[in-house]
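Undergrad: Here you go, one structure.
The values are calculated or read from the model by the stated rules, or taken from the named source; none is laboratory data. What you see is a predicted model; the values in this text were computed from it and never measured. We place every Cβ from the backbone using ideal geometry, glycine too, and count neighbours over all the protein chains shown.
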């Protein structure tokens, strides 16, 4: 197990190196010049050249990449062009805010999908199965940004039960899960983020459990006198590696793909930060945010891969 873990850990190194190259290249080929947004309209060419030199943008792209790579290996993601603040602090703060809602959304989706998926698989062809399947299709098909807008209109504008935007009262950026005044701000983003993983994981769980229940060894278990509950437990154990793999993918997608939802709710996470960096053409902030998100996605998949080996030792690893 430890050998496999170390081997997988070493395999992530070239992956992360490739991530840095792609991250740097994508930002560089994007249109626009960030220096122009920092200078007045009457700035001279000397002012422009001086500012470009200060941020190292006057060097060849290869040297810019190597210099940037050397800095990030020491944990220095540079300074934001927009506010001259360290990028690392801004990105990590935003990442913690994103993980706060994404992790809760995935946990809720996992528990709900496991229960409903098992019921649908056990009662395949029944009304409950059709209802669960319809709910899963709805969750997969509905755009999250549209759902976010609908939730704001319904619960914030009409019913006025929950706040529409922000992370705390009076623009606070501090969040406490044990404070209802703070928790109210996270409910709508969590619902919007949880719907798609819920639909995907319900279909995955239903298919995996149904396939296992149709196998011959299930009849053998019944012949031995096991109860239906014990048989379902056996089926869930056998399907758990597949379900956990989907769980990791959905968590990674939510951490890196919540731009629209966070923008709608003005939730100060990585998605909202990326949107701001794109609008202001803040290259250091954009590169740092993309790099941290990509690294988080790779590490989440590494952890899920190791969890699969622990849950089901029969999985052959080469």
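Undergrad: Quick test for you: out of 148, 121, 136, pick the one residue that is buried (at least 19 other Cβ atoms within 10 Å of the Cβ), under 20 Å from the mean Cα position of the chain (by Cα) and under 15 Å from residue 202 (Cα atoms).
TA: 136 is the lone residue from the list that is buried (at least 19 other Cβ atoms within 10 Å of the Cβ), under 20 Å from the mean Cα position of the chain (by Cα) and under 15 Å from residue 202 (Cα atoms).
Undergrad: What are the residues in segment 26-44 that are at pLDDT 70 or above and more than 22 Å from the chain's Cα centre (by Cα), if any?
TA: Listed by number, the residues that qualify are 28, 29, 42, 43, 44.
Undergrad: Six or more apart or on different chains, Cβ atoms under 9 Å: show the pairs whose first residue is in segment 75-88 and under 14 Å from residue 20 (Cβ atoms) and whose second is modelled with pLDDT under 80 and outside any loop (DSSP other than H, G, I, E, B).
TA: 78/283
Undergrad: Also, quick follow-up: List the helices (runs of 4 or more DSSP H) that sit entirely inside segment 199-295 and contain at least 2 residues that are closer than 30 Å to residue 28 by Cα and in the same structural domain as residue 113 (by TED's automatic domain parsing).
TA: 228-256, 259-265, 270-280
Undergrad: Also: When residue 96 is evaluated against the numbered criteria (1) assigned to a helix (DSSP H, G or I); (2) without any contact (Cβ under 8 Å) to a residue 12 or more places away in the chain; (3) farther than 27 Å from residue 287 by Cβ, which criterion, by number, is the only one it fails?
TA: The number of the failed condition is (3).
Undergrad: Select, from 309, 258, the only residue that is within 30 Å of residue 188 (Cβ to Cβ) and at pLDDT below 85.
TA: Result: 258 is the single residue among 309, 258 that is within 30 Å of residue 188 (Cβ to Cβ) and at pLDDT below 85.
Undergrad: Name the residue, out of 69, 79, 61, that is touching a strand residue (DSSP E or B) at 6+ places or on another chain (Cβ under 7 Å) and not assigned by TED's automatic domain parsing to the domain that holds residue 277.
TA: 79
Undergrad: One residue is enough: does segment 116-124 have a residue meeting the conditions part of a helix (DSSP H, G or I) and out of contact with any helix residue (DSSP H, G or I) (no Cβ under 9 Å at 6 or more places or on another chain)?
TA: The answer is no, given that none of the residues of segment 116-124 is part of a helix (DSSP H, G or I) and out of contact with any helix residue (DSSP H, G or I) (no Cβ under 9 Å at 6 or more places or on another chain).
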